[in-house]
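Trainee: Below are the structure tokens for one structure; questions will follow.
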Amino acid sequence: MTRPSQISALVLCIGLFVSSIARTTESVDLLIEHATVFVGDGRTFTNASVAIIGNRIHWVGPTDKALFSATTRIDGNEKTVIPGLIDGHVHLMSSTYVLDSLSLEAYQSTILPHWLEAMLLHGVTTIRTLGAPIRESRYFKEKTATGELPGPRIIASGPGLTAPRGHPAATMYTSTPEFSRRFVRTAETADQARAAIAEVIDAGMESPLKLIYHGGDAGHDDYMMMGISIDRLATEALEAAVDEAHARGYIVSAHTNDYEDALTAVLIGVDGLEHGVVSTALPDERLSQAMIERGTFLVSTLRLQGLLHGSNV
């Protein structure tokens, strides 16, 4: 039987323990105080603090409850803290600037480092770069990861897969075939598609891998882009690429432009769409319903939509 004196002693011990916790301040690396905090799920906190340990958010709450000692403190008064922004569709290696080996060297040494730092300063902490050569993708990914080069975290999907006379092989790189071989992979058959996907994965590129399903059927439809006739990736090649990537634990997204192409890609099993439907308004709900049923994501690239259809998009 527990005596009253023992109960009193137990309560006293618990009280002392709780009091000691309340007085103890936890140590964190960074504390942002007195800020408006948008947490990304629809809630916004005023006069709030964010405690960070390492590269992880440890705690978010009212500033008067932030009982932390911090190596660095930032007064966020009259400022807003938001989650890092993610740009899911970036072309770090653009044919606008990269025309030959000399311009590629100048671009990588001067323009691209400036752009990477500017992205970070504007709150973009993660980017996914598509259609870029493997070696350069790995180089800039490593430099930003180590902090040697200021910039966002880079998810590098590597060269995209297209038809031999498809976009961008026959459009953006038609005059620079040596660049085309580095920036894009081509396939006419299922075996070629599997080999291309295997090469990109084995080289260390990351999900989602990019497939280009945009254009006309070889020998049938005259599909023009940039004044050049382009072919669509063969359906069997698209199917094989999706299957090979999924078998290796990778996901894929398809660059599409037209409604039926986007629908076909989704039904085949791509995990996401780049651009989606750009050429026309959606004629029905088949595509949206198929995407909902399969959990297919959309990288809408609204800047492209705005350029083509105006600012009211």
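Trainee: Please list, in order along region 171-176, the HN-Hα scalar couplings obtained from phi with the Karplus expression 6.51 cos²θ - 1.76 cosθ + 1.60 (θ = phi - 60°), rounded to whole Hz, x for Gly and Pro.
Mentor: My calculation for region 171-176 gives 10, 6, 10, 5, 8, 10 Hz in order.
Trainee: Could you sort the peptides 26-33, 184-191 by per-residue average Cβ neighbour count (10 Å cutoff), highest mean leading?
Mentor: Order by mean packing, descending: 184-191, 26-33.
Trainee: May I ask you to evaluate 6.51 cos²θ - 1.76 cosθ + 1.60, the Karplus curve with θ = phi - 60°, for each residue of region 252-260 and list the ³J(HN,Hα) values in order in whole Hz, giving x for glycine and proline?
Mentor: Along region 252-260, the couplings run 9, 10, 10, 6, 10, 10, 9, 4, 5 Hz.
Trainee: Using the 2.2 N^0.38 Å rule of thumb for compact globular proteins, work out how the chain stacks up: its C-alpha Rg over that value, please. Present the calculation step by step, with values, prior to reporting the outcome.
Mentor: Numbers: Rg = 25.9 Å, N = 313, 2.2 N^0.38 = 19.5 Å.
Cα Rg divided by the expected 2.2 N^0.38 Å: 1.33.
Trainee: Can you give me the % of accessible surface on the chain that is carbon or sulfur? Probe 1.4 Å, all protein chains present, nothing else counted. Each step should come with its number before you reach the end.
Mentor: Details: 9610 of 17230 Å².
Exposed carbon and sulfur together represent 56 percent of the surface.
Trainee: Evaluate E = 1/(1 + (r/R0)^6) for Asn55 and Thr174, where r is the Cβ-Cβ distance and R0 equals 35 Å; express this FRET efficiency to the nearest 0.05. Each step should come with its number before you reach the end.
Mentor: Details: r = 43 Å, r/R0 = 1.23.
In this case the efficiency is close to 0.25.
Trainee: A follow-up question, please. Please work out the average accessible area per residue across the chain, using the 1.4 Å probe convention, and give it in Å². Provide the component values of the computation, followed by the final result.
Mentor: Details: 17230 Å² over 313 residues.
Per-residue value: 55 Å².
Trainee: Assuming R0 = 45 Å, can you tell me the calculated FRET efficiency for the pair Glu148 and Lys65, based on Cβ-Cβ distance, to the nearest 0.05? Show your work: numbers first, answer last.
Mentor: On the way: r = 38 Å, r/R0 = 0.84.
Efficiency, from the Cβ-Cβ distance: 0.75.
Trainee: Here's something else I'd like to know. Let me spell out the model: positive unit charges on the Cβ of Lys and Arg, negative unit charges on the Cβ of Asp and Glu, origin at the Cα centre of the chain. What dipole size does that give, in debye rounded to 20?
Mentor: On the way: 24 positive and 36 negative charges, 287 e Å.
The dipole magnitude comes to about 1380 debye.
Trainee: Between His246 and Asp217, what is the FRET efficiency for a Förster distance of 30 Å, r being their Cβ-Cβ separation, to the nearest 0.05? Write down the numbers at each step before the final one.
Mentor: Working: r = 25 Å, r/R0 = 0.84.
Here the calculated transfer efficiency is 0.75.
Trainee: Let me ask another. Which residues' amide hydrogens lie under 5 Å from the amide hydrogen of Gly158, considering only partners 5 or more residues apart or on another chain, with H built in the peptide plane?
Mentor: Gly131, Ala132, Glu206
Trainee: Mind checking the log10 I(q)/I(0) for region 20-156 at q = 0.09, 0.22 Å⁻¹? Debye, one equal scatterer per Cα, no solvent, two decimals.
Mentor: Cα-only, vacuum Debye calculation for region 20-156: -0.39, -1.25.
Trainee: Here's a follow-up. Name the long-range amide H neighbours of Ala70: under 5 Å, sequence gap of 5 or more, or other chain; modelled H, no Pro or chain starts.
Mentor: Answer set, sorted by chain and number: Val28.
Trainee: On a 1.4 Å probe surface of the protein chains, which of Val50, Val299 comes out largest in accessible area, and what is the full order? Walk me through the numbers before you get to the answer.
Mentor: On the way: Val50 5, Val299 30 Å².
If we order Val50, Val299 from most to least accessible, we get Val299, Val50.
Trainee: Please list the non-local residues whose amide H lies under 5 Å from the amide H of Thr301, H modeled 1.01 Å from N, same-chain partners needing a gap of 5 or more.
Mentor: His275
The values are calculated or read from the model by the stated rules, or taken from the named source; none is laboratory data. Since we're looking at a predicted model, the values are computed, not measured. Methodologically, a virtual Cβ is constructed for each residue, glycine included, from the backbone with ideal geometry; neighbour enumeration extends over all protein chains shown. Ligands, DNA and RNA are stripped out before the accessible areas are found, and what is left, the full protein with its side chains, is counted by its heavy atoms. Shrake-Rupley method; radii C 1.70, N 1.55, O 1.52, S 1.80 Å.
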